[in-house]
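Engineer: Encoded as structure tokens, here's the structure I'll be asking about.
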Amino acid sequence: MGLGTTKSAKRDAVFVDLKFAEPVGFRQTIGRTAREGVKEGERKFDYQYQMHDFVEGNLAGFRVKEEPRYDDPAQKDLVGYATIRDTDGGPDVVIRFPLLGQAGRKMVGLLAAAEHAKAGAVHLYTNFADAGTRIGDKVLEKPQAYLNCKVGNSRGEKLVPLYYGEDGAPLLDDKGHPKPLPMGVKHVIARKEVWDFSDADNQTASTAAKLMQVLQPKQGVTDAHTEGHEDAHADAHAEIDLNEAANVAMRP
């Protein structure tokens, strides 16, 4: 008689949030403690975290979901989930990040560049510089967070973010180099300066749609929609289809 064990198709996973305010890095929730005397609408738990400077492995999946904002559940934000597979057989790392923002735009462009280059393993890393730090000939006037990606590991070639248009084609200049995202446009409304990043957000959303098309999670890739992790953020997550990611960003 044969005896055996059937393993689940799902892999173990570690979930991290990309944080672009100090402390900068990939934040892992390692524990939670119930709060006493919590009133309705207040946070039910205090969370314990561990910060990581980098994530390394193969890009194995990408998704975009529409999630309620923590500070106002009636409002929704687009959130990206990138799955990085450990090349040594360890657990997947699922990176959660707001799609439309400085860090999210950079993350999407770096992931697209890695996929376009067929990079295989990637090394995503963050660092932080205080105001007054000299970088080359420039002195920072305010603190600055950085997100970058190298091919393979920390010694690999540094990637330049790549973005796609609505037609699914990479946005390149006349020399074949990736075009940077459009700059924000400053408007003055009621005597207040307001920055409009609609063009950059549209290209980011188009790039995210392209990534979802080529990086549909394969069997065995952990779904970011798991108990415990989502409880730390929100109770409801709506999956976005390939076109909806771009459509939501383009709404006025």
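Engineer: Scan Val122, Val151, Val139 and give me the residue that is touching a Gly at 6+ places or on another chain (Cβ under 7 Å) and either without any contact (Cβ under 8 Å) to a residue 40 or more places away in the chain or surrounded by 13 or more Cβ atoms within 10 Å (Cβ to Cβ) (or both). Reasoning before the result, please.
Structural biologist: On the way: Val122 fails: touching a Gly at 6+ places or on another chain (Cβ under 7 Å); Val151 fails: touching a Gly at 6+ places or on another chain (Cβ under 7 Å).
Within the list Val122, Val151, Val139, the selection yields Val139.
Engineer: Quick test of your reading of the structure: Thr226 fulfils all but one of (1) under 19 Å from Phe97 (Cα atoms); (2) among the β-branched types (Val, Ile, Thr); (3) surrounded by fewer than 17 Cβ atoms within 10 Å (Cβ to Cβ); (4) at pLDDT 75 or above. Name the failing condition by number.
Structural biologist: Here Thr226 meets the rest and fails (4).
Engineer: Still on this structure, I have one more. Do you know which residues across the range 62-80 are outside any loop (DSSP other than H, G, I, E, B) and either surrounded by fewer than 22 Cβ atoms within 10 Å (Cβ to Cβ) or among the charged types (D, E, K, R) (or both)?
Structural biologist: Those that are outside any loop (DSSP other than H, G, I, E, B) and either surrounded by fewer than 22 Cβ atoms within 10 Å (Cβ to Cβ) or among the charged types (D, E, K, R) (or both): Arg63, Lys65, Glu66, Glu67, Pro68, Lys76, Asp77.
Engineer: Here is a list of conditions, (1) surrounded by fewer than 21 Cβ atoms within 10 Å (Cβ to Cβ); (2) touching a residue at least 24 places away in the same chain (Cβ under 8 Å), and Asp130 meets all of them except one; can you say which number that is?
Structural biologist: So the condition that Asp130 fails would be (2).
Engineer: Specify which of the listed residues (Arg27, Arg32, Arg43) is among the basic types (Lys, Arg) and either crowded, with 19+ Cβ neighbours inside 10 Å or in a loop (DSSP other than H, G, I, E, B) (or both). Spell out the reasoning first.
Structural biologist: Numbers: Arg27 fails: either crowded, with 19+ Cβ neighbours inside 10 Å or in a loop (DSSP other than H, G, I, E, B) (or both); Arg32 fails: either crowded, with 19+ Cβ neighbours inside 10 Å or in a loop (DSSP other than H, G, I, E, B) (or both).
The unique qualifying residue is Arg43.
Engineer: Return yes when Gly152 is modelled with pLDDT of 50 or more and farther than 27 Å from Arg27 by Cα and no when it is not.
Structural biologist: Numbers: modelled with pLDDT of 50 or more: yes; farther than 27 Å from Arg27 by Cα: no.
No: the conditions fail for Gly152.
The values are calculated or read from the model by the stated rules, or taken from the named source; none is laboratory data. Since we're looking at a predicted model, the values are computed, not measured. Cβ coordinates were reconstructed from backbone atoms using ideal geometry, including for glycine residues, and neighbour counts include every protein chain displayed.
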